[in-house]
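The values are calculated or read from the model by the stated rules, or taken from the named source; none is laboratory data. Predicted model only: the values in this text are computed from it and were never measured. Note: ideal-geometry Cβ built from the backbone for every residue, glycine included; neighbour counts use all protein chains shown. Please note that ligands, DNA and RNA were not included when accessible areas were found on the heavy atoms of the full protein model with its side chains. Shrake-Rupley method; radii C 1.70, N 1.55, O 1.52, S 1.80 Å.
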Amino acid sequence: MSASKAQDSRLDAELQQALVARLTAMADDELILGHRDSEWTGHAPLLEEDIALANIAQDEIGHALLWLQARSELDGSDPDELAFFREVGAFRNARLVELPKGDWAFTMLRQYLFDAFETELLSRLRDSRYPPLAEAAAKAAKEEVFHLRHSGLWLERLALGTDESRSRLTSALQRIWPYLPQLWQPLPGDAALQRAGIAPNPADLEQPVMARVSAALAALGLEPPADAVPNPGGRDRHGEALVSLLVDMQSVARADPGVDAW
């Protein structure tokens with residue numbers, strides 16, 4: 001590592017605390033969504049999709065590990081402990097990703113909305129002045145290209161397929177939309193990270209994400225629900241769905257702490 005990059009890698013206490021919080025939120029989003037996607041293994045509507053979504057789930061969980069390892073470099077935390085031994089109140093994922101998997105239309109729409117957000121986020125994180133973050137984002141972005149293409153094609157297939165598939169997609173849109181703003185809900189230290197050129201303020205991603213999503217929906221003759229009231233929950237407020245998910249996700253590691261649960 002060059003002297004300039006080494007200098008960029010040293011953060012003061014305020015920035016380190018802010019980045020730890022942001023990395024935790026990013027990791028938790030990926031980890032929980034990956035687990036939700038994995039629940040389709042053996043149950044997807046097509047064999048090819050069973051394989052495809054299992055691979056996407058593996059990618060999301062791999063991204064979570066990238067962010068947790070980046071956090072570990074800052075505070076010495078153990079990714080295994082964070083993923084498999086934290087209690088529900090310590091998780092910082094958006095509630096969007098913890099909602100039960102629902103039907104296939106719900107899963108594909110949620111995946112598309114998250115992919116649209118993550119695509120915008122990663123494109124900015126690749127330019128981070130903190131080299132470990134930029135390098136991890138560049139790696140994740142390569143896989144995210146496939147994720148967004150895959151979920152976008154399923155949106156088209158569901159919207160233009162049968163009356164039932166379009167009806168299910170419309171119902172999923174009504175249910176999911178109120179949770180979407182939680183993805184760009186800022187954390188207390190995000191403004192400092194933005195000023196330092198380390199990470200964007202997620203609030204600034206609302207416009208590009210909404211532009212991308214609205215254009216995709218409009219091309220399919222769909223509109224976001226006009227009367228949707230944003231869900232008031234934040235990244236420190238979770239539902240019962242996350243409680244039951246963690247019981248399942250953490251069961252192997254807690255039963256045998258020496259096992260590799262990833």
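Tabulated data for the structure shown
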{"item": "From the options D190, D236, D256, residue that is in contact with a helix residue (DSSP H, G or I) (Cβ under 9 Å, 6 or more places away or on another chain), among the acidic types (D, E) and exposed (fewer than 13 other Cβ atoms within 10 Å of the Cβ)", "result": "D236"}
{"item": "Residues that are within 12 Å of the chain's Cα centre (by Cα) and among the polar types (S, T, N, Q), drawn from region 112-145", "result": "T119"}
{"item": "All helices (runs of 4 or more DSSP H) inside region 153-234 with 1 or more residues being β-branched (V, I, T)", "result": "163-176, 206-219"}
{"item": "Residue match in region 92-101 (condition: crowded, with 23+ Cβ neighbours inside 10 Å and acidic (D, E))", "result": "yes"}
{"item": "The lone exception for E164 - which of (1) open to solvent by less than 10 Å² (accessible area, probe 1.4 Å); (2) over 23 Å from L122 (Cβ atoms); (3) among the acidic types (D, E) it fails", "result": "(1)"}
{"item": "Criterion: in contact with a Leu (Cβ under 6 Å, 6 or more places away or on another chain), among the hydrophobic types (A, V, I, L, M, F, W, C) and assigned to a helix (DSSP H, G or I) - qualifying residue of A64, A52", "result": "A64"}
{"item": "Residue selected from region 123-152 under the condition free of Cβ contacts under 8 Å to residues at least 24 places away in the same chain, among the basic types (K, R) and in a helix (DSSP H, G or I), by the criterion nearest to L65 (Cα to Cα)", "result": "K142"}
{"item": "Within region 146-158, considering residues that are surrounded by 20 or more Cβ atoms within 10 Å (Cβ to Cβ) and closer than 21 Å to P225 by Cα, the one farthest from the chain's Cα centre (by Cα)", "result": "L158"}
{"item": "Meets criteria (of a type in the set (A, V, I, L, M, F, W, C), touching a His at 6+ places or on another chain (Cβ under 6 Å), surrounded by 15 or more Cβ atoms within 10 Å (Cβ to Cβ) and closer than 23 Å to P202 by Cα) for A140", "result": "yes"}
{"item": "Among (1) over 30 Å from L158 (Cα atoms); (2) of a type in the set (F, W, Y); (3) open to solvent by less than 10 Å² (accessible area, probe 1.4 Å), the one test that F85 misses", "result": "(3)"}
{"item": "Any chance Q174 is out of contact with any helix residue (DSSP H, G or I) (no Cβ under 7 Å at 6 or more places or on another chain), within 22 Å of E120 (Cβ to Cβ) and open to solvent by 40 Å² or more (accessible area, probe 1.4 Å)", "result": "no"}
{"item": "Residue that is surrounded by the fewest Cβ atoms within 10 Å (Cβ to Cβ), among those in region 45-82 that are among the acidic types (D, E) and under 14 Å from I32 (Cα atoms)", "result": "D59"}
{"item": "Residues that are of a type outside the set (A, V, I, L, M, F, W, C) and either within 16 Å of S38 (Cβ to Cβ) or modelled with pLDDT under 95 (or both), drawn from region 96-130", "result": "E98, P100, K101, G102, T107, R110, Q111"}
{"item": "Hits in region 193-233 (condition: within 17 Å of A94 (Cβ to Cβ), open to solvent by 70 Å² or more (accessible area, probe 1.4 Å), in contact with a helix residue (DSSP H, G or I) (Cβ under 6 Å, 6 or more places away or on another chain) and modelled with pLDDT of 95 or more)", "result": "E206"}
{"item": "Residues within region 86-116 that are more than 19 Å from M26 (Cβ to Cβ) and not in a helix (DSSP H, G or I), tallied", "result": "5"}
{"item": "Number of the exception - V247 against (1) loosely packed, with under 13 Cβ neighbours inside 10 Å; (2) under 17 Å from the mean Cα position of the chain (by Cα); (3) part of a helix (DSSP H, G or I); (4) not basic (K, R)", "result": "(2)"}
